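Reading through the structure tokens given below for one structure.
The values are calculated or read from the model by the stated rules, or taken from the named source; none is laboratory data. What you see is a predicted model, and the numbers here were worked out from it, not measured in a lab. We place every Cβ from the backbone using ideal geometry, glycine too, and count neighbours over all the protein chains shown.
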């Protein structure tokens with residue numbers, strides 16, 4: 001057997017190995033070119049309420065009487081949080097309400113005088129019998145005086161008319177002058193004018209009083225509404241469901257000025273979002289609508305999984321964060337938290353709360369495995385080919 005014949009099995013094995021390696025390389029290259037993986041930009045974020053923190057302020061101020069919640073308590077919409085002393089506000093409200101009812105009763109009397117209606121009062125007015133009695137007495141006195149004045153003038157007119165009749169009889173005999181006749185007629189006309197003037201003055205005065213009373217009633221009604229709101233605002237209630245974030249005033253009996261912040265409420269009813277800080281070097285290709293993978297630091301992602309999210313906001317410009325190394329620019333990105341990656345007993349126990357931190361992977365594109373493998377080589381080649 002020659003040496004060439006002895007080497008043939010070895011050469012065949014080498015060729016087979018090379019073919020297998022080449023086929024494997026081709027298959028791996030095809031797989032690497034066809035298989036795509038997510039290209040992500042990683043950032044740190046924090047869970048916040050989609051609605052900003054609500055500030056609970058004292059509208060009118062006063063003395064703090066009760067504080068019914070503590071920091072961290074979950075409250076429902078309309079739940080009483082704190083209350084202020086009501087004595088001063090209630091006294092002002094009662095005083096204004098009394099003025100409103102007095103004006104309404106006065107208007108009822110004036111309308112009866114102006115329109116000739118029967119004097120009447122509704123059920124709400126009847127809760128103030130002293131005021132009603134005063135207006136009834138005034139109504140009777142004014143009407144009595146008016147009627148007596150008219151009757152007196154009518155009596156004078158009757159006498160003058162009777163004198164005029166006598167003068168006319170004497171006129172036929174020529175015992176009176178024409179001047180006496182004219183003077184008698186003028187006197188009758190003057191009294192009739194006085195009767196008309198007294199009628200007009202009575203109704204004009206009542207009309208003027210009614211207009212003034214209506215204006216005063218409008219002003220006092222507005223003041224009553226304001227004081228009613230102030231009384232309601234002595235009880236501070238939660239505007240929506242949320243968590244008590246911080247309480248600024250804790251001393252019962254302490255004086256709170258108008259506009260002072262009593263506490264802050266973190267809304268939870270409107271849902272939660274994640275606010276991420278993306279540094280300028282990673283902001284390229286981050287746009288609204290992209291997918292995000294959220295892993296909460298409080299839960300082991302290998303046990304509890306994570307969340308799918310969607311980018312809903314990217315700040316148009318950078319903001320600055322103060323760090324030990326000085327101001328650090330970043331872009332603010334909001335991610336709407338969606339469903340969990342997987343369901344399960346453990347995953348169902350995940351309770352997301354405002355303030356939790358998370359790792360956010362923003363899926364900006366898809367790249368093939370081959371491009372990841374070639375990219376480092378391409379960078380080296382591009383740098384190597386630069387002119388020196």
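Structure summary
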read-out	value
Number of the condition not met by residue 168 [criteria: (1) farther than 30 Å from residue 114 by Cα; (2) exposed (fewer than 12 other Cβ atoms within 10 Å of the Cβ)]	(2)
Looking only at the stretch 330-347, and only at residues there that are within 34 Å of the chain's Cα centre (by Cα) and surrounded by fewer than 14 Cβ atoms within 10 Å (Cβ to Cβ), the one that is modelled with the highest pLDDT	338
Sole exception among (1) modelled with pLDDT of 90 or more; (2) part of a loop (DSSP other than H, G, I, E, B); (3) surrounded by 13 or more Cβ atoms within 10 Å (Cβ to Cβ) for residue 316, by number	(3)
Odd one out for residue 322, checked against (1) surrounded by fewer than 17 Cβ atoms within 10 Å (Cβ to Cβ); (2) modelled with pLDDT of 80 or more; (3) within 20 Å of residue 41 (Cα to Cα)	(3)
Answer residue from the stretch 229-258, given it is outside any helix (DSSP H, G or I) and under 16 Å from the mean Cα position of the chain (by Cα) and is nearest to residue 73 (Cα to Cα) among those	242
